[in-house]
Structures are given as C-alpha cells and as structure tokens.
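Contents: one structure, followed by commentary.
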Amino acid sequence: MLYFAYGSNMWREQMRQRCPEHELIGAAVLKDHALCFPRFSTIRQCGVAGIMEKPGAEVWGVLYRLNARDLATLDKREGYDPSGSAEENRYNRQTFRVVMSGKELDCLTYIARPEPGTHVPNTDYMSAIIAGAEDNGLPEGYVAELKKIPGSSPGKVKL
C-alpha cells in the first residue's frame with residue numbers, strides 16, 4: 001500500500017528504523033491542505049505535525065510503499081489502533097489523493113487528532129522534518145517555509 005509522509009517520517013533514517021522493508025517512491029504533493037501542529041507529543045515533548053484542509057495550499061511529502069508488517073509497525077508508532085475509536089487514537093489513518101509527477105495517486109496518511117491549545121515543534125523534531133524534505137528533493141520554496149516554522153533553528157537530527 002502507498003503511504004504519504006509529510007512530517008518526520010520523510011526522514012529516510014527514521015523510516016529505515018521504523019519500516020525496514022519500505023520502498024521509497026518519491027516526492028508528492030497533497031493539494032488544498034496545509035501543514036499544522038495540532039497536538040502535543042509526550043514522546044517528542046513538543047507539537048507534532050498534522051494536516052488541515054486549506055484551499056490553495058499544498059503539503060509536500062514523500063510517498064512510500066509499505067507491506068502489511070511495516071504498516072502495522074507504523075500504526076503502533078503513530079498511535080493508531082484500527083479497532084479503536086478516532087477519539088482515542090493520537091493519529092487516524094485516512095486515504096488521500098496526492099500528485100506525483102503529474103499523476104494522481106490514492107494513498108494512506110495519518111491525520112493528527114487535534115488537542116486544545118497551541119503546540120510548537122522543537123528543534124530536533126523540525127530538524128528531522130527538514131532533513132527529510134531536503135533528502136527527498138522537495139521544492140526549495142517549501143523547504144524554506146519549513147525553516148521559518150518556530151523550532152526550526154539548525155540542530156542535529158535525533159531519532
């Protein structure tokens with residue numbers, strides 16, 4: 001199955017550790033959505049990425065092919081239980097249509113369950129997102145916008 005990563009899972013080193021059998025497909029864009037940070041992660045101790053509908057906006061990311069074992073591992077890591085309720089999961093899996101090289105493709109992605117308040121990413125988390133964006137050749141303008149997000153000051157990427 002195809003999986004669209006738009007946050008720290010764009011970083012290849014993280015994906016190698018989390019989903020060792022994944023296949024990198026390439027850069028893709030989700031139209032009419034924007035990157036946001038709608039929840040706090042107790043694991044990362046900061047705000048973590050999500051997406052929200054926003055006409056005219058774009059979220060760039062990376063498309064991977066995952067087998068069932070890697071998808072189950074990723075479900076666990078993202079706090080998604082297919083048998084649980086949407087209100088209990090940290091992220092919920094949904095199908096979206098992305099564009100890659102002019103071709104539309106249906107894929108799965110994780111949508112953060114919003115929490116009240118303002119959630120700001122930290123330097124380590126943003127460094128992973130930016131490293132993933134740069135590693136995968138996302139558009140320079142998009143990478144520049146990522147670098148403007150609070151918490152984006154240069155730092156060493158950590159898992």
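Just a few scattered comments:
- Farthest toward positive dipole pole in the stretch 2-147 [+1 Lys/Arg, -1 Asp/Glu at C-beta], among 102, 82, 35: 82
- Oblate is the label for the stretch 70-159, because the ratio a/c of its alpha-carbon gyration tensor axes (a ≥ b ≥ c) is 1.5 or higher and a/b is not greater than b/c.
- Taking 65, 113 and counting other C-beta atoms within 10 Å, the order from fewest to most: 65, 113
- Taking a ≥ b ≥ c as the square roots of the eigenvalues of the alpha-carbon gyration tensor, the stretch 62-122 is classed oblate because a/c is 1.5 or more while a/b is no larger than b/c.
- Mean Cβ count within 10 Å, highest first, over the residues of peptides 43-54, 82-93, 121-132, 99-110: 121-132, 43-54, 99-110, 82-93
- Here, the stretch 5-133 yields an orientationally averaged convex hull projection of 7.8 nm² when only Cα atoms define the hull.
- Cα shape, the stretch 9-77, gyration tensor, a/c 1.5 rule: oblate
- Debye, to nearest 20: dipole size of the chain, +1 on Lys, Arg Cβ, -1 on Asp, Glu Cβ: 280
- DSSP bridge pairs, the stretch 2-147: antiparallel proportion in percent, nearest 5: 95
- Calculated FRET efficiency for the pair residue 16/residue 42, C-beta based, R₀ 30 Å, to 0.05: 0.80
- Count of lysine pairs in the chain with Cα separation under 26 Å (8 or more residues apart, or interchain): 13
- Residue 88 versus residue 23: modelled label distance in nm, points set 7 Å from Cα along the beta carbon direction: 3.4
All of the numbers you see were taken from the coordinates with simple rules; none came from a lab. For clarity, every value in this text was computed on a predicted model and none was experimentally measured. Glycine gets a Cβ as well: all are built from the backbone with ideal geometry, and neighbour counts include every protein chain shown.
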